[in-house]
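A short worksheet on the structure shown next.
The values are calculated or read from the model by the stated rules, or taken from the named source; none is laboratory data. Computed from a predicted model, the values in this text were never measured in an experiment. We place every Cβ from the backbone using ideal geometry, glycine too, and count neighbours over all the protein chains shown.
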Amino acid sequence: MTNSRRIMADLLLLSVAVVWGSTFVVVKESIASVPVFSFLFLRFGIAFLSLLPFVLFRRELRDPGYWRAGFLLGTLYFAAFGTQTLGLLSVGASMSAFLTGLYVILVPFLLWAIFHHPPKRYAFYASVLALFGLWLLTSPDPGVLHLGPGEGFTLLCALLFALHIIATDRLTRRYDPLPLVTIQLLAVTLFSFLSSLTFEPSTWPAHFDESLLVALLITGILATSYALLIQTWMQRYTTPTRTAIIFAMEPVSAAVFGIFVAGEHLTLLQILGGALIVAAMLLAEYKSGH
């Protein structure tokens, strides 16, 4: 593998992290006027339709294994995005990004629990560092730990994303990425539609204005179909450790967008807490490769 290909893969994965980070602000502003599951239905529906023409006549769609794998991934992805979006109803975009990023710390411990691969000692050190960072980040007053429903939903989201990463790692060894991602997006679209019909007063937005359309296109095309495909394909040309380090830029990107675009404010302690979480991610993943 050439250095130029590795550099290109790293740059494309970095673009995914930046896009993901930027969407925290976009989603938070959109769900202020559109119900959560309605927004997810439209977002993932657009993502699914954008990929459908490329797989419509492929023979993989006749393989039941692809559908089982795709719906398994889709279930985890839907649950992760649903809890994250519910959390954004009461949690700022910057904090949501940092808390979601804890999936990097959770992955090695879940691998231990599920596949009996114990984490290295640096993963333990990183988890302690991340918990301390979490305490600082979520404490409105020094010495007072505050975990409300929004933070709880977002932490559950981090757990679900960790499970999704593990499942994706196993399944992409057996299945072609493009049809697998497409079926996964279809599953999330269907789950979002059924949830919206069940729990929300309306599945279609009452006011479909230009800002909502832009938000759906950004999240549907860039942050969903583009991001999933790039992540799946580009990891072939770089290492998992490098990928995780690059994706640790997501909460940093979200914080930048949250401060400069949405006018959010973080206290010095919250900034320190977020920095410790990012440091914990880097420590866990960097040392896991050595």
The condition of being surrounded by fewer than 23 Cβ atoms within 10 Å (Cβ to Cβ), among the charged types (D, E, K, R) and closer than 30 Å to residue 130 by Cα holds, among 29, 60, only for 29
Expected single match for over 25 Å from residue 176 (Cα atoms) and small (Gly, Ala, Ser) among 65, 70, 74, 21 is 21
Just one listed residue, out of 70, 74, is within 17 Å of residue 219 (Cβ to Cβ) and either part of a helix (DSSP H, G or I) or at pLDDT 80 or above (or both), and it is 74
Could you tell me whether any residue of segment 32-49 is of a type in the set (A, V, I, L, M), farther than 14 Å from residue 182 by Cα and surrounded by fewer than 17 Cβ atoms within 10 Å (Cβ to Cβ)?
yes
Identify, please: which residue in segment 127-152 is crowded, with 22+ Cβ neighbours inside 10 Å and not polar (S, T, N, Q) and is, among those, modelled with the lowest pLDDT?
137
Residue by residue through segment 85-102, note down the ones that are of a type outside the set (A, V, I, L, M, F, W, C) and under 17 Å from residue 19 (Cβ atoms).
85, 94, 96, 100, 101
Name the residues in segment 230-254 that are modelled with pLDDT of 70 or more, in a helix (DSSP H, G or I) and among the small types (Gly, Ala, Ser), would you?
253, 254
Scan (1) in a helix (DSSP H, G or I); (2) in contact with a Pro (Cβ under 9 Å, 6 or more places away or on another chain) for the single condition residue 79 breaks and write down its number.
(2)
Within segment 75-104, take every residue that is more than 13 Å from residue 158 (Cβ to Cβ) and not hydrophobic (A, V, I, L, M, F, W, C) and give me the one that is surrounded by the most Cβ atoms within 10 Å (Cβ to Cβ).
94
